[in-house]
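Asks: This structure is in structure tokens; I'll ask about it shortly.
The values are calculated or read from the model by the stated rules, or taken from the named source; none is laboratory data. Everything numeric here is computed off the predicted structure, so don't read it as measured data. Note that each Cβ is placed from the backbone with ideal geometry, even for glycine, and that neighbours are counted across all protein chains shown.
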Amino acid sequence: MNKPYLHHEIDYKKIILDYLVVLIPLIIYGLYKNGVVLYKEGYISLIKVIYPVLYPLLGGLIGYFINYIFTKKKELNYNMLYGIIIGMTVSFNLNIFIFIIILSLILGACQLFEIKFDFNKMCLIRLLTVIALLVLNKYSYANPLELSDKYSYSYFDVLFGRGVSGICISNTFISILAYIYLSFNNFYKKDIPLMIIATYTICGLIYFAISNEYKPLLNELTTGTLVFASVFIATDSINSPYKKYSKILYSVLIGLLSFLFTRLINSHEGIYLAILLVSFIINFTKINVFNKIRQKN
Amino acid sequence: MSSLITLNKDYNIKVSSNINNYLNPDYVYIPILKDYKLLVKNKEIVRKEQVILINKENTITCPISGVVVGMTDCVLYNGIKSRCLVIENDFKERMFKRNASRKTLNNISFEELLEIMKNKHVYNDNNESLYDLFKEKVNTNTLIINCVEDEPYIVSEEFEARTYINEILEMISALMGILNIKNAKLVFKNIDRDNIECYNNVLGTYPNIKVVLVPDLYLLGKRNLLLKHLSIDSNKVLHLNIHDIYKLYNIIKRNRSISEKLITVSGDGVINPQVFNVKIGTNIGDLVKDNIKLKDGVSCISNGLMAGTIVDYKKLIVTENLQGIVFTKIKECNEIKCIKCGKCSEICPMNINPEEILHSDESKNREKCINCGLCNYICPSYIDLCGKVRGEDHE
């Protein structure tokens, strides 16, 4: 251990553990929504019930082993956390082998080549899984029950997890609870999700004022993707800024771009693309613009 | 500036309330520092307070009487190895020159005080000449006496304040008279109940001396941060540590240099944590062997867990800069890549951003580092930021 020989009670393992604790309820809800319910309704076989757990579990294991191969350390690590989070956000229709291959290749390549540019790995891996789905003509986030249009849900139902979203992230309410829990950890960048959602909401309200359409905003705020990505992916410590003004710029840009992308592309990918783009842009700006802002203040 | 924090320490580690004397070591070891000239030879008989080392600005006196028996390698508080003069104790405490002590401190003039400071080359704990400090700070409003110990599990200064309470108050009162200072404030941590009680009981006879309590925050032992915390302009006060006051008492009233020192031996690796009154030059290995029960597999850290250094206690010797030693089991922690949480720059009391410094050649900010260890303490990735900021990894 380096000097000093006393350490704050929170270290990287505790930070990762906190994330894992709050992800468990989301995974359990995913198991219920995309596993148990579908099995009861006769849409999937018994083996497919475990898919919502299998994706994050496999993601975590791949991350763990990639870290072990490169560092020879058997411990909680960020690759493992990334694997779990990505596993939770993928589409119900994604082939499990494609998921394993993409995840292993990207995480392995990032470890191997020690890329100087920071970018949000989770968003990049997600983007590649989406491309794979498009190539295989299976692009859809809806499960068989949702595709059948058997039930219609209110925004309140959607807020509590009935919406169409990634395999384990549809429950916005649990994501909000997770955010509240993580906010008590000093190392969590709690202002980033708030600023992203605030910017997104302002954009939505402006859009409402112009077009008189309120559904896009309410849809995004309740279906889970926006809140989950803001709480868990945009706050990825390694690829997000930590200085006050940098964080504001980062969050506002993500909020603006994700609104733009949701309108231009679709509601499932907008925020991920925005995070990926902004986390990449930050490499060019943090040295010059952010330093100048800091010096001025 | 960042707000100061309370350290994550174990409040169950308590030091025995009695001071144990260890004043008769068989040998004492005096480090021969750079630029010092040795004034004694091998086999020469030396007496207590005899000058044995000298340089242009300072002298080092012998803490015991005995015989010079040779030289050996020892370790100093900062882990640096040093050649030391070995003096065998004859246990007679024969003084080189018995100087008469003063009956009272009240009749000393400002000029006389300055002369003593100049002749005896007295420095405070921050290594500033007290001659210059007194000259500059005469007629200031307030005298601040800092009794705050920063390092967890080290309580030497707190014990010093309590043990020498009469001497300290007499010296403070005299200094106030000589330097024409109207008020004095003794600053204690609010958890230092023994000292608060002791001083509140006797301060009735010193109406101009007040006790000020501060929270248990790390780095309030540092002058600038304490004054900032108390919202006091540093130009308007004279700041001294409790150890400076006791040192002044010995020099002015007793007319002798300090040959003894309070040392804390504590930590979760010690079964019986204690404070010892030891001769300067005592080998810590001898002290521990005779008095301390250690747990298995513990390491010794001199001067505390935050700013201290791992040392081989068997070779460690007591010098004026050694406040105490902490025995603890060092946990193995894996350093990982920086996760850019920004806590190091948020916590740094000197407003340095260690993460930025690592990627630049900014030497100005590097020099600002006070080696407090807070960046390393807070870093969740266990990166040795402090060492890297100070360039220690390149040495």
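Asks: Of B:298, B:270, B:278, which residue is under 28 Å from residue B:144 (Cα atoms), outside the structural domain of residue B:122 (by TED's automatic domain parsing) and of a type outside the set (Lys, Arg)?
Replies: B:278
Asks: Is at least one residue of the range A:259-281 touching a residue at least 40 places away in the same chain (Cβ under 8 Å) and within 14 Å of chain B (Cβ to nearest Cβ)?
Replies: Yes, the range A:259-281 contains a residue that is touching a residue at least 40 places away in the same chain (Cβ under 8 Å) and within 14 Å of chain B (Cβ to nearest Cβ).
Asks: Sort through A:167, A:101, A:125 and tell me the only one that's surrounded by fewer than 21 Cβ atoms within 10 Å (Cβ to Cβ) and of a type outside the set (Ser, Thr, Tyr).
Replies: Only one candidate qualifies: A:101.
Asks: Check whether at least one residue in the range B:234-248 is more than 20 Å from residue B:167 (Cβ to Cβ) and among the hydrophobic types (A, V, I, L, M, F, W, C), and report yes or no.
Replies: yes
Asks: Sticking with this one: Against the conditions (1) buried (at least 24 other Cβ atoms within 10 Å of the Cβ); (2) at pLDDT below 90, where does residue B:324 fall short? Just the number, please.
Replies: Residue B:324 satisfies all of (1) buried (at least 24 other Cβ atoms within 10 Å of the Cβ); (2) at pLDDT below 90 except (2).
Asks: With respect to residue A:79, is the statement that it is within 14 Å of another protein chain (Cβ to nearest Cβ) and buried (at least 17 other Cβ atoms within 10 Å of the Cβ) true?
Replies: yes
Asks: Please list, ordered by residue number, the strands (runs of 3 or more DSSP E) wholly in the range B:224-338 having 3 or more residues that are free of Cβ contacts under 8 Å to residues at least 60 places away in the same chain and away from chain A (no Cβ under 14 Å).
Replies: none
Asks: Follow-up. Would you mention how many residues in the range B:160-191 are under 27 Å from residue A:8 (Cα atoms) and assigned to a helix (DSSP H, G or I)?
Replies: 0
Asks: Pick out the one residue from A:249, A:205 that is part of a helix (DSSP H, G or I), away from chain B (no Cβ under 14 Å) and loosely packed, with under 15 Cβ neighbours inside 10 Å.
Replies: Only one candidate passes the filter, namely A:205.
Asks: Of everything in the range B:369-392, what is more than 11 Å from chain A (Cβ to nearest Cβ) and at pLDDT 80 or above? Give them in sequence order.
Replies: The answer is B:369, B:370.
Residue-wise test of (1) part of a loop (DSSP other than H, G, I, E, B); (2) among the aromatic types (Phe, Trp, Tyr); (3) at pLDDT below 90; (4) within 28 Å of residue B:201 (Cβ to Cβ).
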| residue | (1), (2), (3), (4) |
| --- | --- |
| B:84 | no, no, no, no |
| B:93 | yes, no, yes, no |
| B:98 | yes, no, yes, no |
| B:106 | yes, no, yes, yes |
| B:115 | no, no, no, no |
| B:135 | no, no, yes, no |
| B:144 | no, no, no, yes |
| B:152 | yes, no, no, yes |
| B:157 | no, no, no, yes |
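Every residue, every condition in (1) hydrophobic (A, V, I, L, M, F, W, C); (2) in contact (Cβ under 8 Å) with a residue 40 or more places away in the chain; (3) closer than 19 Å to residue A:87 by Cα, yes or no:
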residue	(1), (2), (3)
A:173	yes, no, no
A:181	no, yes, no
A:198	yes, yes, no
A:201	no, no, no
A:208	yes, no, no
A:222	no, yes, no
A:228	yes, yes, yes
A:232	yes, yes, yes
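Asks: Which of the residues that make up the range B:29-69 are closer than 22 Å to residue B:122 by Cβ and either without any contact (Cβ under 8 Å) to a residue 12 or more places away in the chain or in a strand (DSSP E or B) (or both)?
Replies: B:30, B:31, B:34, B:37, B:48, B:51, B:52, B:53, B:54, B:59, B:60, B:61
Asks: Looking only at the range A:1-54, filter to residues that are over 30 Å from residue B:219 (Cα atoms) and assigned to a loop (DSSP other than H, G, I, E, B); which one of those is farthest from the other protein chains (Cβ to nearest Cβ)?
Replies: A:42
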